[in-house]
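In what follows, a structure is listed as structure tokens, so that the remarks can point back to it.
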Amino acid sequence: MSVRNAEEARLVVNSGVAVLDVKDPARGALGRADESVWREILAVAGKHRVAPGVSEKSSGRPTRVHSGLVTSLALGELLEVEPCAIPEGVDVLKVGLAQCGRQQCAGQREDQEGWTRKWLQFREQTEALSKRSFRWMAVAYFDSAARAPDLEEVKTFAIQQQLAGVLIDSYEKTGQTMTDVYSWEQLSACRDELVAAGMLLAIAGQIREEMLPVLKKLEPHLLAVRSAVCQLRDRNRSVSPEALEKFSAELSLPLEAMTRQ
């Protein structure tokens, strides 16, 4: 569940969500919130976490692994933001690939090499500044306005790099959804490949109640929502307790009950 301030974070963690995602929706699909906002939200999240264990990565930097509530930060778009130090209490990071698609890479010897090299540099610099490693989600935008690498390219990269998983999201919030773009076969095959690689599939991008039967059948590991639980379904408005409760109730229904509605 995406939140933009501490008040929303308190509401959401009390609803029992598994992942608290911090972003500024006014700054785009993966808008980076101010560091002061990060710290206010992380203070709320910290009360719902347990003491971390520490594991070592091949980089030699420690990775803190928590149980309980997981916290995620959106860092903006790769071509627009700079690496920065990430505060304690963050588990997962993601950065968008808008304008990184093949049509934007004319003149480069290898189209994919351009964005993947920059992504890896961004991760390395972020972890160096933070003095620790993180779990990273690769982001695949499904709308053409993003001019981003396609799902197949992003998934292949994520598997090669053994990332935490892939997030399928929308760049422009125009009402177009993932199921308008990808077939069931494409989505199912993507999930199967990620599962075989020990990775996660997360779905976002203006999820609506009527999509839930398809999504429950697909069984992604995570559903990331904001507009569906905001006032008037507007992601730039506040989270609505009533909408959050209604969406949670719909999500908890068995698949058979959804298909009968």
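Structure summary
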| item | result |
| --- | --- |
| Pair ASN236, TRP184: separation of 7 Å Cα→Cβ label points (nm) | 3.7 |
| Solvent accessible area, Å² - CYS190, 1.4 Å probe, full protein context | 0 |
| Of all accessible heavy-atom area on segment 113-162, the percent that carbon and sulfur account for (1.4 Å) | 41 |
| Residues of type lysines that LYS216 reaches as a straight line, Cα spacing below 17 Å, ignoring anything fewer than 8 places off in the same chain | LYS246 |
| Residue pairs, from the table LYS23/LYS217; LYS47/LYS131; LYS173/LYS217; LYS94/LYS131, whose Cα atoms sit over 22 Å apart | LYS23/LYS217; LYS47/LYS131; LYS173/LYS217 |
| Sequence of ASP192, ASP234 from largest to smallest accessible area, 1.4 Å probe | ASP192, ASP234 |
| Unit Cα scatterers, Debye sum, segment 133-261: log10 I(q)/I(0) for q = 0.19, 0.22 Å⁻¹ | -1.13, -1.35 |
| Additional length obtainable on full extension of the chain from GLU88 to GLU250, 0.36 nm per residue less Cα span | 54.9 nm |
| Accessible heavy-atom area order of LYS217, LYS118, LYS173, LYS23, highest first, probe of 1.4 Å | LYS217, LYS118, LYS173, LYS23 |
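The values are calculated or read from the model by the stated rules, or taken from the named source; none is laboratory data. Since the model is a prediction, treat every value here as computed from it, not as a measurement. A quick note on method: Cβ atoms are made from the backbone with ideal geometry, for glycine too, and the neighbour counts reach across all protein chains shown. The area values use the complete protein model at the heavy-atom level, side chains included, leaving out ligands, DNA and RNA. Shrake-Rupley method; radii C 1.70, N 1.55, O 1.52, S 1.80 Å.
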